[in-house]
Amino acid sequence: MNQQPLIIDCDPGVDDAVALMLAFGSDAFELLAITAVGGNVPVVKTARNARILRQIAGREEVPVFMGADRPLRREPAGAGEFHGAEGLGDMTPFEPGAPCANGHAVDAIIDLVMGRPAKSVALAVLGPLTNLALALRKEPALADRLGPVAVMGGARSEGGNITASAEFNIWADPEAAAEVLATGCDVVMFGLDATHQVRAAGARIAALEALGTPSADAAASMMRFSQRVEKEIVGWDAPPVHDPCPVAWLLKPALFELQPCRIEVETHSELTRGHTAVEFRVDPAMAPHRWAVSADADGVFALIGEACLRPAAPSTTLRAVPLPHEGGGK
Ligand code: BDR
Ligand code: CA
């Protein structure tokens, strides 16, 4: 199978955690790296959480790089009320067995993308766009080398989830989002208009719990936590599961309807900080971006279930060391 090389830039985060389980369990990806950014919780915690999740999924060969600890110009925000103080909902974090990889996430993104054929590496951005903006500042040629940049962020017809106008990832670092969108990267944006269609209804969580694998248990635990806090804070019975959407699109594009557009981000007004102005009145052939307008929620949950059911992919790192009873010949 031809695998899609993929880097996931994220801030786990309960829905980032589900997205990671989806990616870890999918044979269709060659996972080059997880890069962590400060967002839902500080970067030291998001990087630790990414390492915890890869350990649960048995994917310790996938390197985790720590990235930016603060937005380009704004104060770090945080969304602990929706993710728990540690970022993993009800799960008690533990110190993972393997450390972060050496080097900064920004350099890892540059090196991994520039070292591969043009357009071959996809990037899924599931947190504030700080790491990618910094990488593009440092290596502007990255914009032409990157494959699709599938971003969870933005809001249009649904309105915002952090203010009336703005979605959290874009609001948290609006300058970073504005810079990335202006570079010519092939950005496909999965904002609230689409992700609010993908909801963890009780039956969907129960179906995951019934699978009984460590990945499924972890993903279901994140969703149960979201179900409780979104009920308390927003009044919803079924919380949206945002971050798996870009990953699911990379796996199965037919699950989403996209429209060509041009997206710009408000950075001047405090009132509408981080608003995504999505302009569809553009020549489709010249449109620089794409915006997700709808999602097939059953299809997304089917992918999550399949990924969580798959036995953990054997770690190449672990397999490289033969067990004592192996290698002797019979
Ligand atoms: C986005 O904000 C974060 O809190 C979630 O992880 C998701 O990436 C949703 O607005
Ligand atoms: Ca996130």
On average, how much accessible surface per residue is there in the chain, in Å², for a 1.4 Å probe, leaving out ligands, DNA and RNA?
41 Å²
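Applying a 10 Å radius around every beta-carbon, put 19-29, 250-260 in order of their mean neighbour count, most first. Mind showing how you got there, number by number?
Values: 19-29: 24.2, 250-260: 16.7.
Ranked by mean Cβ neighbours within 10 Å, highest first: 19-29, 250-260.
Got a sec? What order do Met91, Met223 fall in by accessible area at 1.4 Å, biggest, i.e. largest, first?
Values: Met91 40, Met223 5 Å².
Descending accessible area places them as Met91, Met223.
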Phi to ³J(HN,Hα) by Karplus 6.51 cos²θ - 1.76 cosθ + 1.60 over the stretch 156-164, Hz, x for Gly, Pro
10, 6, 7, x, x, 10, 10, 9, 4
Once the Cα atoms of the stretch 165-235 are picked out, what are the Rg and Dmax in Å?
16.3, 45
For labels at Lys231 and Phe280 in the simple 7 Å Cα→Cβ model, what's the distance in nm?
3.6 nm
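For Gly160, what charge total do you get from the other residues with a beta carbon under 13 Å from its beta carbon, if Lys and Arg give +1 and Asp and Glu give -1?
Neighbourhood net charge equals -2.
Which whole-number percentage describes the relative contact order of the chain, with Cα contacts under 8 Å and a sequence gap of 6 or more?
Details: 759 pairs, mean separation 67.3, N = 330.
Relative contact order here is 20 percent.
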List the residues, sorted by chain then number, that are 5 or more residues from Ser294 or on another chain and whose placed amide H is less than 5 Å from its amide H.
Glu257
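What does the charge add up to near Ile205, with Lys and Arg as +1, Asp and Glu as -1, over the other residues with Cβ less than 15 Å from its Cβ? Please report the intermediate quantities before stating the final value.
Numbers: positive: Arg199, Arg204, Arg224, Arg228, Lys231; negative: Asp15, Asp90, Glu209, Asp217, Glu230, Asp237, Asp298.
That works out to -2.
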Value of [θ]222 nm, deg cm²/dmol, for the chain, DSSP H segments ≥ 4, -39500 (n - 2.57) each, nearest 500
-10500 deg cm²/dmol
Percent accessible area from carbon and sulfur atoms, the chain, protein chains only, probe 1.4 Å
54 percent
Cα coordinate range in the stretch 109-221, projected on the principal axes (Å, largest first)
46, 36, 17
Computed log₁₀ I(q)/I(0) - Debye formula, equal Cα scatterers, no solvent, the stretch 152-285, q 0.14 Å⁻¹
-0.72
If Trp236, Trp291 are ordered by their accessible area, calculated over protein heavy atoms with a 1.4 Å probe, which sequence runs from highest to lowest?
Trp236, Trp291
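Over the Cα atoms of the chain, Rg to Rh with Kirkwood Rh, two decimal places? The partial results should precede the final answer.
Working: Rg = 18.8 Å, Rh = 19.6 Å.
For the chain, the value is 0.96.
The values are calculated or read from the model by the stated rules, or taken from the named source; none is laboratory data. Just so you know, these numbers come straight off a predicted model, no measurement behind them. Reconstructed Cβ throughout: ideal geometry from the backbone, glycine too, with neighbour counts over all protein chains shown. Please note that ligands, DNA and RNA were not included when accessible areas were found on the heavy atoms of the full protein model with its side chains. Shrake-Rupley method; radii C 1.70, N 1.55, O 1.52, S 1.80 Å.
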